Amino acid sequence: MTVRLRGHHLLCLLTYVGKGYTPAFVANYQRIVVRLNAGEPVELVEGPDDICRPMLGAADHHCFNASVAMRDAQALADVGVLLGEPLAAEQPLRLDPARLAALRAAFAAGTIRTACAGCQWSGLCTEIAASGFAGVRLTG
């Protein structure tokens, strides 16, 4: 199996501490983190992914918005520069401890956060990064 992730969720995972939109969203997110911590690979996708799944029934949820697709593209571009390879949909990706450490260092430095502009969770993510990523669930 693989975990299907949209671009900006690569950033969200770095600071995930068990908070989210709804209890169902959080429970689903936690299951995904367990899979990733067990070494399951990632497949990058366009549009809604495995993390979005509990929210897809809500007609007004942002998963399908053009602004979120732009956030995905920005995240993939920034992370791709950091990793030294272009990232795109249908591409496999491993989130091992070394890669997570590099992503978190860049996130804390602000170099891969272009996609976070305007996100309602940005303040929380900034606090988590400032704490040295205390309490994050994804460990690789």
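The values are calculated or read from the model by the stated rules, or taken from the named source; none is laboratory data. None of these values were measured; they are calculated from a predicted model. Every residue, glycine among them, receives a Cβ derived from its backbone with ideal geometry; neighbour counts consider all protein chains shown. Ligands, DNA and RNA are stripped out before the accessible areas are found, and what is left, the full protein with its side chains, is counted by its heavy atoms. Shrake-Rupley method; radii C 1.70, N 1.55, O 1.52, S 1.80 Å.
Can you report the number of residues in the range 42-56 which are touching a residue at least 40 places away in the same chain (Cβ under 8 Å), open to solvent by 60 Å² or more (accessible area, probe 1.4 Å) and farther than 27 Å from Gly110 by Cβ?
Summing the residues that are touching a residue at least 40 places away in the same chain (Cβ under 8 Å), open to solvent by 60 Å² or more (accessible area, probe 1.4 Å) and farther than 27 Å from Gly110 by Cβ in the range 42-56 gives 0.
Just wondering, is there one or more residues in the range 103-118 that are more than 12 Å from the chain's Cα centre (by Cα), on the phi < 0 side of the Ramachandran plot and not aliphatic (A, V, I, L, M)?
Looking through the range 103-118, at least one residue is more than 12 Å from the chain's Cα centre (by Cα), on the phi < 0 side of the Ramachandran plot and not aliphatic (A, V, I, L, M).
Only one of Ala129, Ala77, Ala106, Ala102 is modelled with pLDDT of 95 or more, in contact with a Phe, Trp or Tyr (Cβ under 7 Å, 6 or more places away or on another chain) and surrounded by 11 or more Cβ atoms within 10 Å (Cβ to Cβ); which?
Result: Ala129 is the single residue among Ala129, Ala77, Ala106, Ala102 that is modelled with pLDDT of 95 or more, in contact with a Phe, Trp or Tyr (Cβ under 7 Å, 6 or more places away or on another chain) and surrounded by 11 or more Cβ atoms within 10 Å (Cβ to Cβ).
If a residue has to be within 22 Å of Ala106 (Cα to Cα) and either β-branched (Val, Ile, Thr) or free of Cβ contacts under 8 Å to residues at least 40 places away in the same chain (or both) to count, how many in the range 18-38 make the cut?
1
For the range 6-17, check the following and say yes or no: at least one residue is open to solvent by less than 70 Å² (accessible area, probe 1.4 Å), more than 20 Å from Ile112 (Cα to Cα), in contact (Cβ under 8 Å) with a residue 12 or more places away in the chain and not charged (D, E, K, R).
No, the range 6-17 has no match at all.
Count, please, the residues in the range 18-41 that happen to be more than 16 Å from Arg99 (Cα to Cα), assigned to a loop (DSSP other than H, G, I, E, B) and open to solvent by 40 Å² or more (accessible area, probe 1.4 Å).
Number of matching residues: 3.
Going through the range 90-99 one residue at a time, which ones are more than 14 Å from the chain's Cα centre (by Cα) and open to solvent by less than 40 Å² (accessible area, probe 1.4 Å)?
Hit for the range 90-99 is Gln91, nothing else.
Which of (1) modelled with pLDDT under 95; (2) open to solvent by 20 Å² or more (accessible area, probe 1.4 Å); (3) in a helix (DSSP H, G or I) is the odd one out, the single condition Ala59 does not satisfy?
(3)
Inspect the range 25-41 for any residue being at pLDDT below 95 and in contact with a helix residue (DSSP H, G or I) (Cβ under 8 Å, 6 or more places away or on another chain) and give the result as yes or no.
yes
Pairs please, first residue from the range 118-140 and more than 26 Å from Gly39 (Cα to Cα), second anywhere and open to solvent by 60 Å² or more (accessible area, probe 1.4 Å), Cβ atoms under 7 Å, 6+ apart in sequence or on different chains.
Cβ pairs passing all conditions: Leu124/Lys19.
Are any residues in the range 109-126 in a helix (DSSP H, G or I), under 19 Å from Met70 (Cβ atoms) and open to solvent by 60 Å² or more (accessible area, probe 1.4 Å), and if so, which ones?
Thr114
Within the range 127-140, how many residues turn out to be over 14 Å from the mean Cα position of the chain (by Cα), in a loop (DSSP other than H, G, I, E, B) and not hydrophobic (A, V, I, L, M, F, W, C)?
3
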